[in-house]
Amino acid sequence: MALVEEVFRLSGVPTYTFVEPVRYGEIKVSVRTPGRCSVIEGPSGIGKTTTVTKAINDLKLEDRVMSLSVRRLGDAELIAELPTMQDIGTVIVDDFHRLPDAVKGRLSDYMKVLADSGSDKSKIILIGINKAGQQLVKFAHDLGMRIDVFKLEANPSEKIEELIDLGARALNVKILAKEHVAAQAQGSFQIAQLLCHKLCVLGKVTETMPRLETLDLPIDVVVEEVMDDLARQFKEATMVFARGSKLRREGRAQYLHILRWLAENDEWSLDLSEAVNTHPDQKASIGQVLDKGYLRALIDDAEKRPILEPHFHFEFSTTILSVEDPTLIFYLKNIVWRAFTRQVGFRTDVFEYKYDFSSSFAGADRAHARRLNELLGEREVAVFFDENEQHRILARNVEEYLGPIYRSEARYVIPFLSPDYPTRIWTKFESDKFKERFGSDAIIPIRFSTEKPGYFSDDQKYGGLPFDPAGNVEAQLIEIAETLCKRLLDDRQQEAAAAKAGA
């Protein structure tokens with residue numbers, strides 16, 4: 001007689017339903033090879049820790065292996081001291097990616113020493129998320145050929161179905177939705193266990209049935225029940241992440257977009273450097289989150305860290321954002337994003353323009369433009385400011401790069417109309433691109449009190465913002481930034497109302 005919680009396990013190493021991953025044989029050989037260190041990397045929930053633990057059990061090495069986890073209180077200090085110890089035996093270090101860079105570097109050097117010495121009395125097995133091996137090589141460039149690196153990919157559907165069949169046999173049931181469960185699991189043994197556990201409980205199968213029982217519950221019913229359970233676990237963390245350091249309704253919802261991209265990615269982690277290239281419409285705003293360290297600051301925020309840190313991990317050196325629990329990815333993939341967006345506090349999650357604002361200014365006014373850019377950036381709106389994009393402009397035809405920004409890619413253009421503005425070559429070029437947008441609610445001039453009117457024939461007809469360079473510059477720029485953001489917020493709300501009326 002088997003119990004459903006023993007068959008479809010929600011945590012720990014499965015007994016009835018263990019399925020060997022594709023590279024299990026190679027990993028088993030590596031584990032039993034004395035002195036040769038190894039790295040097991042891959043997405044959360046793919047079965048990395050389970051695979052290593054099962055290999056050790058199969059090899060009858062349980063009594064000779066010490067298992068440490070960065071997450072366990074006290075283990076992190078012991079891990080940091082490993083390089084100073086002699087004859088440590090076989091040590092498993094789980095969640096390697098969470099270690100500080102300094103400790104990763106010492107472990108890399110230590111593994112190189114072990115490889116060179118050929119010691120059969122010390123061995124380290126590291127377990128971490130994607131690119132854990134790459135992080136090691138970063139610290140010790142010639143380590144690559146001295147260790148075994150196994151990257152576990154998402155399990156193929158036939159492996160997931162094998163798990164389901166093993167569990168069904170143990171409980172004496174037939175699961176009609178087997179293929180649908182495998183598809184929903186998306187390569188994760190852990191998610192497959194979760195779905196099958198819920199399916200059996202809903203079907204009133206709690207232990208081995210005396211005669212064959214057919215479970216014909218639709219997969220949609222199972223997913224809905226699982227989502228209700230996961231919402232209690234993850235809703236707060238995902239909403240905190242999506243809002244960023246502070247909910248800014250006028251902003252471009254950068255963190256909401258990052259969360260959505262994470263959900264859409266097949267690897268259950270997201271290389272943000274690659275993601276911004278595949279989403280060019282968000283390159284400016286997401287690039288700012290990366291370049292200025294806003295994402296790292298969000299996760300490390302003292303108030304938000306207890307909520308976010310257990311679920312999200314951001315590796316600054318590789319710009320990879322990953323989740324620590326595959327059921328969180330399952331939750332993200334199955335939430336109703338339009339409803340979630342409203343719950344977070346944004347009116348819409350689709351933005352027409354690449355930039356919210358683009359500034360045009362003479363070189364003499366750069367300090368004012370730079371400060372306004374900083375103030376708007378703090379409010380998480382996307383601003384084109386040339387200093388932020390020098391690396392993208394390099395080797396490009398500058399006129400071809402800048403022209404579309406002022407012509408159409410920026411929702412609003414902000415010309416700093418100072419006495420120097422009409423005298424500069426680049427302001428002439430930029431204004432030639434946007435001057436036709438006067439009258440289309442797209443140009444918001446900042447008019448210096450020292451300006452000589454007349455550069456634009458009819459710009460005085462349109463609303464702008466006053467600026468006195470002899471006054472309190474900081475206070476004026478703060479007020480200008482707030483006014484611009486109010487305009488953006490008003491735009492967002494009107495668009496949302498129009499979309500709702502047309503729905």
Around His391: net Lys/Arg minus Asp/Glu count, Cβ-Cβ under 13 Å: -1
Peptide ranges 426-434, 300-308, 215-223 listed from the most packed, as the mean C-beta count within 10 angstrom indicates: 426-434, 215-223, 300-308
Acute angle (nearest 10 degrees) that the helix 425-434 long axis makes with the longest principal axis of the chain, alpha-carbon atoms: 80
Read-out volume of the Cα convex hull per residue in Å³, derived from the coordinates shown; its label in (1) 176; (2) 152; (3) 141: (1)
Value of relative contact order over the chain, rounded to a whole percent, pairs C-alpha under 8 Å and six or more apart: 13
C-alpha long axis of helix 157-171 to longest principal axis of the chain, angle in °: 50
Probe 1.4 Å, accessible area per residue of segment 379-500, Å²: 52
Charge context of Ala367, other residues only, Cβ under 12 angstrom, K/R +1, D/E -1: -1
Burial order of peptide ranges 23-35, 117-129 (average beta-carbon count within 10 Å, highest first): 117-129, 23-35
Fraction of accessible area attributable to carbon and sulfur, segment 332-417 (%, probe 1.4 Å): 44
Accessible area in the full protein assembly, largest first, 1.4 Å probe, for Arg211, Arg98, Arg370, Arg396: Arg211, Arg396, Arg370, Arg98
Residues whose placed amide H lies under 5 Å from that of Val39, excluding near-sequence neighbours: Leu126, Asp148, Val149, Phe150
DSSP-defined beta bridges in the chain - what % are antiparallel, rounded to 5: 20
Segment 1-140: relative contact order in percent, alpha carbon pairs under 8 Å with at least 6 residues between: 30
Rounded, prolate or oblate (a/c below 1.5 giving rounded, otherwise prolate when a/b exceeds b/c) for segment 270-351 by Cα gyration tensor: rounded
Relative contact order (%) - segment 377-503, alpha-carbon pairs under 8 angstrom, separation at least six: 20
Relative packing of 311-321, 460-470, 10-20, which averages over residues the other C-beta atoms within 10 Å, highest first: 311-321, 10-20, 460-470
The chain - mean residue ellipticity at 222 nm from DSSP helices (-39,500 (n - 2.57) per run, n ≥ 4, rounded to 500): -14000 deg cm²/dmol
Sum of side-chain charges, Val103 neighbourhood, beta-carbon under 13 Å (Lys, Arg +1; Asp, Glu -1): -3
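The values are calculated or read from the model by the stated rules, or taken from the named source; none is laboratory data. Just so it is clear, the structure is predicted and the values come from calculations on it, not from any experiment. No Cβ is skipped: glycine too gets one built from the backbone with ideal geometry, and neighbour counts run over all protein chains shown. SASA here: full protein model, heavy atoms, side chains in, ligands and nucleic acids out. Shrake-Rupley method; radii C 1.70, N 1.55, O 1.52, S 1.80 Å.
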